[in-house]
Amino acid sequence: MESFATSFAKKGSIKIGNNNLQVTSIEVLFSRKYESPKARDYIVNQLKELGALKIFQFGSTINGDINLRSDLDLIVIMPPTKTGWEWMNEIYESVDRMVGADIIVYAPDEFEMMLKESSFVRHAIKTGKKIYEKE
């Protein structure tokens, strides 16, 4: 027997007793939340105010594979005045997030090193999208 969430997501309906209620699926509601730029732009604007140099969005919200566990995945390059770890601590303490968000932060030299050493970072940049670059 399918779970309630699985049935709801697949069929866009819920059977309660003899009634079959047509509703929008959870995935559709969830994807609309991420298709709307409000949540992302709200976070990006705060990152810009903190001095972000570049912001990349990657993962399910870019490749269209949005599901119930999806969140907003960002790689942020911040000024070299602090380490990525220090910036990450500041960002997670000060940036108000309207949605679940994984924000990975690097100083420029750390980012260049990670591009060479991390297949994860290379894949995220290759399959993702640059959504901001400071001019």
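Of all residues in region 37-50 being farther than 18 Å from residue 102 by Cβ and touching a residue at least 60 places away in the same chain (Cβ under 8 Å), which is nearest to the chain's Cα centre (by Cα)?
38
Among 77, 55, 91, 43, which is at pLDDT below 95, crowded, with 17+ Cβ neighbours inside 10 Å, closer than 27 Å to residue 122 by Cα and hydrophobic (A, V, I, L, M, F, W, C)? Steps first, please.
Values: 77 fails: at pLDDT below 95; 55 fails: at pLDDT below 95; 91 fails: at pLDDT below 95.
Every option except 43 fails the conditions.
Among the residues of region 60-106, count how many are in contact (Cβ under 8 Å) with a residue 60 or more places away in the chain and closer than 22 Å to residue 130 by Cβ.
5
The values are calculated or read from the model by the stated rules, or taken from the named source; none is laboratory data. Nothing here was measured: the structure is a model prediction, and the numbers come from that model. When we count neighbours, we look across all protein chains shown, and the Cβ atoms used for this are built from the backbone with ideal geometry, even at glycine.
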